[in-house]
Every structure is written in C-alpha cells, then in structure tokens.
1. Could you work out the percent of alpha carbon pairs in the range 225-276 separated by over 13 Å, rounded to a whole number?
2. For Asp65 and Ser441 in the same chain, what is the full-extension length gain: residue separation times 0.36 nm, less their Cα-Cα distance, in nm?
3. If you roll a 1.4 Å probe over the chain with all protein chains in place, what percent of the accessible area is carbon or sulfur?
4. Give me the one-decimal Kirkwood hydrodynamic radius in Å for the range 189-276, with the sum taken over alpha-carbon pairs.
5. For helix 48-58, report the angle its Cα long axis makes with the longest principal axis of the Cα atoms of the chain; keep it between 0 and 90° and round to the nearest 10°.
6. In whole Hz, what ³J(HN,Hα) sequence does the range 351-361 give by Karplus (6.51, -1.76, 1.60; θ = phi - 60°), x for Gly and Pro?
7. Quick one: Kirkwood hydrodynamic radius for the range 489-567, alpha-carbon pairs, angstrom, one decimal?
8. So, R0 is 35 Å and r is the distance between the beta-carbons of Phe117 and Ala49; what FRET efficiency does that work out to, to 0.05?
Amino acid sequence: MDRNEGYVLEVLQDAGLVTRSQIDHARSRLNGSPTVVDVLVRDGVVSEADVSRTLAAQAHMDWVDLATMVIPPDVISQIRAEDARRFKVIPIGVGDSGLIVAISDPFDVETIDSLNFLLQRELELVCTSPEKIRQALIKYYGTADEASDVLMQKLGEGIELGLEITEGIDLTDANETDAPIIRMVSMLMVEAHKLGASDIHLEPLDKKFRVRFRIDGVLQEMQAPPKRLQSALVSRLKIMTGSMSIAEKRLPQDGRIQVKIGRKPIDLRVSTIPTNHGESVVMRVLDKSSLMLGLPELGFFSDDQETFERLLRAPDGILLVTGPTGSGKTSTLYACLNYINKPDRKIITVEEPIEYQMNGINQVQVNADIGMTFPAALRSILRQAPNIIMIGEIRDLETASIAINASLTGHLVFSTLHTNDAPSAVARLVDIGVQPFLVASSVRAVMAQRLVRRLCANCKEPGELNDTELRALNLEPRQMTDARVMRPVGCNECRRTGYRGRMGIFEIFVIDDDVRHMINKRSSTLLLRQRARELGMRTLREDGVRKVLAGVTSAEEVISITLGDVS
C-alpha cells in the first residue's frame, strides 16, 4: 500500500465512513483489485461518491456532479482526448483562476503536477467521483475504440495499414475477438507517425502497461491500454514481424515490421526484452521520407553547408561523423549518400542493422552469428570495386585499418565514431591502435554534431536572454542588437511543448597540412583543438549560439545539449 492510499484510508476512517476492521478485512480480500478503497467500494461498504466528497472536503476543494452538467465543446477542446483519458480528468469551464478541471483524487500529486506541466497554464481543480469521470470521458471524448476509428477516418480513405514483408497476414482478416487488439495496434502506429515519434515504448509496470512516444528526443507518456491486454498486444506485434516467437518470453528478440500509412511506407524495428512485469517492447520508427533530407534540412547554415559539400566532393579519404547515441549521425550519413548518389558511382554500405533501404545503393547487413562481421564484410566489398563506402561505425582496430587502407587506395569512406567533439576523434583512432601517420594521411575531416529541438513556428514569440544565459553562451549585450531571439510558448500543434522537430548543431574539423604534422607528432587533443579554432572551426556551442540568435532554437536547448563544450 502506497503512502497516498494510506492517507485516503485514514481520512475515510476519521470521517466515520469505514472502520479499522473493515479496512483490514478489505485488505485481506484484495484478490487483484488495485487498492483497498476499490474493495471497500466493490463490497458496498462505502460509495465512490462518498469517498470523493470526503476527499474533496479534506482538500478544501469543491465537489461537482458531472452528470448534471453540459460542458461546451470549446471547453472540452482545451484538453486533448488522449491526455484526458490518460490522466482521467475532464475540463468543465474557464474561470478567473484559469481552466477548471475535474479530477477524482485531489491527493494524486503526480497527476496534478503532470497536468500542470502538460497544459502550461493556471488550473482550478474541482473533485468528482471516478465513475462520473469515466462516464464523462465516454460522453465527451468517446471510447478508445471509437477514437481509433475516428483517427483512421481522419487520415482519409487513402489509409492502408498492412504488411509488406510478412506473408499470410492481413490486418482486415480478423475475428471479433482479435479485432480490438488489431485496431489498438494500428492506432498506436498511426498516432506515432502522426506525432512524428522516433520510438514507441511499451513498458509493463506493476499495475499498468505504460505507452510512451519519443518525440523530438523527449519521451512523452500517452494513453495507456488496459493492463489485461498487455500479453495480447505484445503477441500481436510479434506476429506482425513474422520472425519473432510468441511462445518465447524469457529471451530478448528482434524483428522488423513494414507498414503503409496513407500509402507512405514506414519501417518499425522491434525489440523485446523480458522484465519482472512482462516483456518490454521498443519500436524504432524509421520513416523512409527522411532519406530525402537535403543538407539544409539537417540544420546547416550556408557557410557550413558549403564547407561540407566541398568535403563530399573529395575523391578519396575518410569523413567521420562523431557524437553520442541519438545525435543524428546515421541520418547525416544517409543525407550524404543521398547527395552523392549518382548513376556513375558505385556505393556500398556495411551496417548493423540496415536502418533504411536506399535505391541505387548496395547495402550489406552485418551478422556476427555467421561470421559476417564488419571486417569480413569490408574485405569482401573492396573486391566489388566501389567508389564510395559507408561503414556504420568504426569500433576496433581491424575495421579502422581496412577503412584507412580503402581510403588510401582511392575510395571515399564515410563512418561514425563515439566521441564528444571533433578533435577527439584523432585520439580515439590512435587509442584503438591506428598509427598516427595513417590517421594523418587518410582522414579528411571530422564533424561532431548534436540535435537540438526547433522552436514551434506556430507559437514561438520574441524573447530576451537573461544574464545567466548571456554568460553561459559567452555573449555580450552589444551582440544582441540585430538578434532575433525567440522563446517557446506552446500550442496544440506542438503538444504544448513549444518545440516541433529537431535540427543539428555542428563542429567541422578540417584536417590541413599543419594539423597532419601535429597528428604525426602525437600532439594532444587540446593542441589540435586550438589549431582547429585558429583555422576557423566553430564549436558546437558557438554554432548553437548562431541558431539561437537566428530564432530557430532556444538558449535553454543549446546550453543543455552542449553542457560539456569548452569555448
């Protein structure tokens, strides 16, 4: 029993609605019921209305009967349907103190705080019974199944949600028992695509099956399906992959689902892992339309784009993209390949796994279980006479050596490394065993990058940087004369976050003859960084500052993402 329930029971006992013996008896008869209060209500010891009235009085909060109210549509629209269902709340009016919202538990601090954070506005809370909330949710927002049908209809008759890889499975070929599960899975995928989510997380907890979408790099909780459907939903997703076993629940599994949403092909990379409350599922949403991103869409300003395009025209050498996991390295590499993919060039990639399938490019999947490692694949593809090679990641000396040899024999090589900044890539290659003279002679440039959220174009408004932000960004007040600083506000289009979409900030380290000489002498990363700055390299934070002053992102985003940057 959590602290909140213990307090509620104490309040009910003080009000004379229940006795200690009734509480103890109810606790002994939980039998799967979420709380002792639920058992007391189920047994008729106390009514839901009496419980909510007592709690409202204890919290000095008004109690309302939703059944006697008619709530205008413009008030209902103040909270999205999925948010109202998730938090089990109903907006009932707009008062002097802000939006009036009905809740069932005035002591549920977590829900109240989450609601305040989501809506970003003043709230006036009133109390009602859980049953009144349930009835009002259906009355004003419809059932979850109706929401699924409406969502599918809104996307038009062109919606086609079906399998591309798995044979013998048709989403429309289902019996009455399976149909709700199929609709729920379909709604999950369509909603994730609609909101631009990069990941779908299905997480089994003790008393709920939590659903979260990663939108613009931030996890946001969505409406949770009933806990009892957990096993059926996971099994449905496994069946859709065509390669995962629904009988195996003790080992991690991986698979892939290909669907069409509005005639648009979407890949979902599925991963399951057993936890103490069931199988956790993560689906990586791979939208093939992102392959068509040009360099400007990545977030380059014109000067950096010109530099990068010049590097892409090099006949040979290695171009490295560095950054932590989730910094957009793979998207940048695919944008590079898309830029240089011409009929007169042969391009081969070695990836683990192949995230996007590209036309006109030979893509090789690494499979260590059968001996198809990065080095083995690279040795073979060199005999295929490619012009350009893309390696998913340089992880060891053998992979690095083959990549360097390929670059020295006339191939242009793209790859990634996990380092915090661009100059550190040199030290990383030397650390894994590459001789400095080979690094100096093969690497043409290193680009470090991070992703920051774009301000929502619909609701952003002019703002100013405070003294703390000016100091953090190393700016003087006189530099703000021509700046177009904007700040996040929040609207329905950006789900009240103030941000919509992401863009890159970049640090481009071009290797010239002086830098090659320093690498040969095993100069420290600090000295390499100083020389790069002398050659005009902007740091990640400095590139971020330019985008803050241009009004495309916020100071808060840049400061948090480039926390370890050194001017």
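1. Details: 821 of 1326 pairs.
When all Cα pairs of the range 225-276 are counted, 62 percent exceed 13 Å.
2. Working: separation 376, 0.36 × 376 = 135.36 nm, distance 7.71 nm.
This chain segment gains 127.7 nm when fully extended.
3. Values: 13450 of 27530 Å².
With neighbouring chains kept in place, the figure for the chain is 49 percent.
4. Values: mean 1/r = 0.0718 Å⁻¹.
In the range 189-276 this quantity evaluates to 13.9 Å.
5. Here the helix axis deviates by roughly 80 degrees.
6. 9, 9, x, 6, 7, 10, 9, 10, 6, x, 10
7. Values: mean 1/r = 0.0682 Å⁻¹.
Kirkwood radius, the range 489-567: 14.7 Å.
8. Numbers: r = 30 Å, r/R0 = 0.85.
The pair Phe117/Ala49 has a calculated efficiency of 0.75.
The values are calculated or read from the model by the stated rules, or taken from the named source; none is laboratory data. Since we're looking at a predicted model, the values are computed, not measured. As a convention, Cβ positions derive from the backbone with ideal geometry for all residues, glycine included, and neighbour counts pool all protein chains shown. The area values use the complete protein model at the heavy-atom level, side chains included, leaving out ligands, DNA and RNA. Shrake-Rupley method; radii C 1.70, N 1.55, O 1.52, S 1.80 Å.
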